[in-house]
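The values are calculated or read from the model by the stated rules, or taken from the named source; none is laboratory data. Computed from a predicted model, the values in this text were never measured in an experiment. Cβ placement follows ideal geometry from the backbone for every residue including glycine, while neighbour counts extend to all protein chains displayed.
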There are 2 protein chains.
Amino acid sequence: MLGLMQDRPLTLPHVFHRAEQFFGHKQLITATPAGTVETTTVADWAVRVRRLATVLDELGVSADGRVGTFCWNTARHLELYLAVPCTGRVLHTLNLRLFPDQLVYVANHAEDEVVVVERSLLGLFWPHVDRLETVRHVVVIDDGAPTEIPDDPRIRHYEELLAAADPHAGRFVVDDENAAAAMCYTSGTTGNPKGVVYSHRSTLLHSLATLFADGVGLGERDVVLPVVPMFHANAWGLPYGRLLAGSSMVLPGPGMSPDAILSLMAEHRVTVAAGVPTIWMGLLPRLADYDLSALRTVLCGGSAVPKVLSEGFRSAIGLPLLQGWGMTETSPVASLGLLRTVHDDLSTDEQADVRAMQGPAVPLVDLRIADPESGEEQPWDGVSTGEVQAAGPWIAAEYHRGEGGGVQFTDDGWLRTGDVAVVDRHGYVKLVDRTKDLIKSGGEWISSVDLENEIMAHPKVAEAAVIAIAHEKWVERPLACVVVEPGEQLTADELIGFLADRVAKWWLPEAVEFIDEVPKTSVGKFSKKTLREKFGGYQVATPDV
Amino acid sequence: MLGLMQDRPLTLPHVFHRAEQFFGHKQLITATPAGTVETTTVADWAVRVRRLATVLDELGVSADGRVGTFCWNTARHLELYLAVPCTGRVLHTLNLRLFPDQLVYVANHAEDEVVVVERSLLGLFWPHVDRLETVRHVVVIDDGAPTEIPDDPRIRHYEELLAAADPHAGRFVVDDENAAAAMCYTSGTTGNPKGVVYSHRSTLLHSLATLFADGVGLGERDVVLPVVPMFHANAWGLPYGRLLAGSSMVLPGPGMSPDAILSLMAEHRVTVAAGVPTIWMGLLPRLADYDLSALRTVLCGGSAVPKVLSEGFRSAIGLPLLQGWGMTETSPVASLGLLRTVHDDLSTDEQADVRAMQGPAVPLVDLRIADPESGEEQPWDGVSTGEVQAAGPWIAAEYHRGEGGGVQFTDDGWLRTGDVAVVDRHGYVKLVDRTKDLIKSGGEWISSVDLENEIMAHPKVAEAAVIAIAHEKWVERPLACVVVEPGEQLTADELIGFLADRVAKWWLPEAVEFIDEVPKTSVGKFSKKTLREKFGGYQVATPDV
């Protein structure tokens, strides 16, 4: 028997106690619905976390009970981020943008015992409360919004509960690092949302990755603004990472307008900001109006980052976007698109192309690509495509209640991400499609996304979505669903002629349908499911090519 | 039952495969005894690691057998760093500076089956080989030194073995993250050296800490020069950290002269260098003669970093030393002395004082100070002293074969470091003594180090060591052992008079002994053990003060 290292669990109490011990003087700044900001220190926040821990006991939340949150990005939400898992309970961040039926489904599926709701969000939440089967208390955080608070025995008031509670004494202890700390449901473009359950270990390790110099590299001197919602997959690890590093934090609350965000960035000298492409798209025209000289990293993820957006930031403020890739099931950060020394000799435009890729796996994560049908691993040659599969200590092994087994996970335990990519010899992932959107024509894969990009390159096309239609000879063929720019005229022949120089002949759409708009999901992505339903029994009007 | 994250172990094969997959083109540069450099790529190095894995099988090394290394910092040593633990064996780095009896003791105590020795070191190693009870093979790496290789059946040739071996195919797998990966013996100023056994988990987590932006922050663009020997506690995590990050690496081999190191730094545009104070002390007068403009971090540890040394670097090249603190038992990095925003308003001199402290605990490590006798935890007030105790996933829980239990570890499992410190309110540790060197006079602690510093402030004192002598009334009192500057005269009364203004009256030495030199240990530290033996039954010549 050899000697041993200490068996210290990787659990979130370490994050809390580190912040409390070292960074009590650092600031937490939250924008309110009224347009003002509330500033608190980590020391005061930590006392509130300790009080909240006692409140959870007093509310009778089970030892591993789920506590739902229906909140913006606020310092109070961050109190829940720590108090819930540090007392052994499980934080269930409810997505504010879920359709009502999905909201009810996930709260019931997770068996939430308590839901904490910000007053400004009661209008979205309260109408569905009678369908929530396990929720005993709805704790309202009064964020100053004028929303009426229902007179109902289930309603409890966050500040009253905290004021009446003694702070938890001594250190928090969670011994089992594999215990659940938090959960988050996938947005689910097909079927019901599925629950991903993060362990203390996965969450802490994922948070450490926010500290890596080749990456976001959070440090004590940073001022971090997560625009990415805290109800999305751990807000990309920034809340816990920020506490470990001792960074200051600015939380935007409900204010998502470009000016609201830009004002916060300028006024509080934000150094690191993180959000989805749509947010940065909105800010792009206004960047020059604000002093963003403190900014050093703008993290962008959630969907592929358009090259033009990243380049727009680079032109305006000298700072391209840093692309991160992942999903709820990957905690979410799996890869980051930082340039490396091998890219130093590329032209500016080529470097922008590299930044538009999803980048190489971060440390502790393994990625591979495999044929979606045979499962055979594909080479990293920049040409071969395959489904991205992921393994690592912060990648899901299954969904809550064992759902998704056998379909979304391989026999050797890797996550099937559903994303299709090529990987170059330096390990840079470039997404080309979703597996379910690929078109298999005559045994060869056609990327619907690549074909859409070529169609959208036509100046008269506003947007386009490509789906597979059944074909007797080739099994599947592409159907182009095209929205024409207002006031323009376009024919199928004209479009096919345009494409003939740009794609292989067998990639040319079998048919073109002109539509008024591409249907979208609740989070704004193309809903190809709706298109498939609409064009289910599509009959090609022309003979085989 | 909640859903789960993947049970992916934190083991060193991840480090190897990450480097092989992503960083095959990066360089490993080793200085040879002949004064030339050998350059290899990670891709070529990785093939050699795979061959070495097969060699270990062919040599019949047990499944968890110990493989000793008696090597400089070289690319071949780095091959052993990976091949040994990635095949489940345990790397035992033998300290080149051990006295022969200690070398024999540790190799036997660890039950080394094979020792890999560089040819230039055979002269130090081979004379003791017949006393090694478990070693079956001595594998010689021919580094071009002219040392004669004995004609002995135990001798095997590293390059011949590699050339004849097939590379290990497929991925390395170590399933148990708590399995031993490496071991290192303490230098042991008292009693026999004790073995610290690092697990895969502890080693990988400790290596991640080298990537943190607030710290060394290794990145792909770095060129890392570990002057700290690879036989010292994981070379401070740099070899594995460098492979995770993809940094280039420069290895100094046996060349430890200031010019040899400075030439490597200048020629290879080193960005991060790491070594003990003695090394940097030697470089200080020569810094201006070399182009060190690529350098961004000079890490210094192993013993307290003198303020004057760090300030010397700052004056010469604009870069103070970054102090790290730890010991073999802490893997070793436990704290890092980076300045934080709270120090921004301090004067340059005050900032230098902060840098001369050992700094706050790094993420995942917990430190506390406690009374060495009662064990009572002491406040972080910058005044209260206590023994530093450490907890964390890369801190030892016991020594090899269970030695040290009950003495070096607290009841709640923290390591007693033997270092005495004060901690300020920001968590910055400042070492003031070793517990065994403290003097307890009338129930109050006297710091021997503080007292030594005051004595050495006298212009006629070359060096001084203070030890405790028995005292009937006060239990212990300080005895000053003083070396006078050559050609100077100093009396006890003159020294006591000098001290009277500088320390509390009860700190004044009970007696002063003038000696020719302070005895040193094998690593150059004051050997107070020798002084205590010499002055064991010391009788104070003067009546009680």
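Which count do you get for residues in the range B:79-102 that are in a helix (DSSP H, G or I) and modelled with pLDDT of 95 or more?
8
Provide a single number: the residues in the range A:33-48 that are in a loop (DSSP other than H, G, I, E, B), surrounded by fewer than 17 Cβ atoms within 10 Å (Cβ to Cβ) and in contact (Cβ under 8 Å) with a residue 12 or more places away in the chain.
Result for the range A:33-48: 2.
Return the pair list, or none, for Cβ contacts closer than 6 Å from residues in the range A:49-70 that are part of a strand (DSSP E or B) to residues that are of a type in the set (D, E, K, R), at least 6 apart or on different chains.
Close Cβ pairs (under 6 Å, with a partner that is of a type in the set (D, E, K, R)) amount to A:66/A:111; A:66/A:112; A:67/A:89; A:68/A:112.
Which of the residues that make up the range A:174-216 are surrounded by 21 or more Cβ atoms within 10 Å (Cβ to Cβ), out of contact with any Ser or Thr (no Cβ under 7 Å at 6 or more places or on another chain) and not aliphatic (A, V, I, L, M)?
A:185, A:195, A:199, A:201, A:203, A:207, A:210, A:212, A:214, A:215
Scan (1) within 14 Å of another protein chain (Cβ to nearest Cβ); (2) assigned to a loop (DSSP other than H, G, I, E, B); (3) crowded, with 19+ Cβ neighbours inside 10 Å; (4) over 21 Å from the mean Cα position of the chain (by Cα) for the single condition residue B:295 breaks and write down its number.
(1)
Within the range B:220-232, which residues are within 9 Å of chain A (Cβ to nearest Cβ) and crowded, with 23+ Cβ neighbours inside 10 Å?
The answer is B:222, and nothing else.
I'd like to verify a number: residues in the range B:506-544 that are modelled with pLDDT under 90 and more than 33 Å from the chain's Cα centre (by Cα), how many?
9
Which residues, taken from the range A:1-47, are under 29 Å from the mean Cα position of the chain (by Cα), under 20 Å from residue B:340 (Cα atoms) and polar (S, T, N, Q)?
A:27, A:40, A:41
For the range B:151-175, enumerate the residues that are of a type outside the set (A, V, I, L, M, F, W, C) and part of a loop (DSSP other than H, G, I, E, B).
B:151, B:152, B:153, B:154, B:166, B:167, B:168, B:170, B:171, B:175
Taking the residues in the range B:255-292 that are of a type in the set (A, V, I, L, M) and closer than 13 Å to residue B:223 by Cβ as candidates, determine which candidate is surrounded by the fewest Cβ atoms within 10 Å (Cβ to Cβ).
Looking at the filtered set, the residue picked out is B:266.
Among the listed residues B:97, B:50, identify the single one that is more than 14 Å from every other protein chain (Cβ to nearest Cβ) and in contact with a Pro (Cβ under 6 Å, 6 or more places away or on another chain).
B:50
Please work out if residue B:429 is more than 30 Å from residue B:111 (Cβ to Cβ) and more than 9 Å from every other protein chain (Cβ to nearest Cβ).
So residue B:429 fits the description; yes.
Name every residue in the range A:33-47 that is out of contact with any strand residue (DSSP E or B) (no Cβ under 7 Å at 6 or more places or on another chain) and either among the polar types (S, T, N, Q) or within 14 Å of chain B (Cβ to nearest Cβ) (or both), in order of residue number.
A:36, A:43
Scan the range B:493-518 residue by residue and report those that are over 24 Å from residue B:301 (Cβ atoms) and part of a loop (DSSP other than H, G, I, E, B).
B:501, B:502, B:503, B:504, B:508, B:509, B:510, B:515, B:516, B:517
For the range A:72-90, which positions are within 14 Å of another protein chain (Cβ to nearest Cβ) and among the small types (Gly, Ala, Ser)?
If the condition is that a residue be within 14 Å of another protein chain (Cβ to nearest Cβ) and among the small types (Gly, Ala, Ser), then A:88 is the only one that fits.
Got a number for residues in the range A:69-87 being surrounded by fewer than 24 Cβ atoms within 10 Å (Cβ to Cβ) and out of contact with any helix residue (DSSP H, G or I) (no Cβ under 7 Å at 6 or more places or on another chain)?
Qualifying residue count, the range A:69-87: 1.
Suppose we filter the range B:10-32 for residues that are at the interface with another protein chain (Cβ under 8 Å from one of its Cβ atoms), surrounded by fewer than 21 Cβ atoms within 10 Å (Cβ to Cβ) and either assigned to a strand (DSSP E or B) or in contact with an Asp or Glu (Cβ under 8 Å, 6 or more places away or on another chain) (or both); how many remain?
Qualifying residue count, the range B:10-32: 1.
Would you check which residues across the range B:460-492 are modelled with pLDDT of 90 or more and not in a strand (DSSP E or B) and list them?
Listed by number, the residues that qualify are B:460, B:485, B:486, B:487, B:488, B:489, B:490, B:491, B:492.
So residue B:178 ticks every box in (1) in a loop (DSSP other than H, G, I, E, B); (2) polar (S, T, N, Q); (3) more than 9 Å from chain A (Cβ to nearest Cβ) but one. Which box is left unticked?
(3)
Name the single residue that is farthest from the other protein chains (Cβ to nearest Cβ) among those in the range B:373-423 being among the aliphatic types (A, V, I, L, M) and part of a loop (DSSP other than H, G, I, E, B).
Here the answer is B:383.
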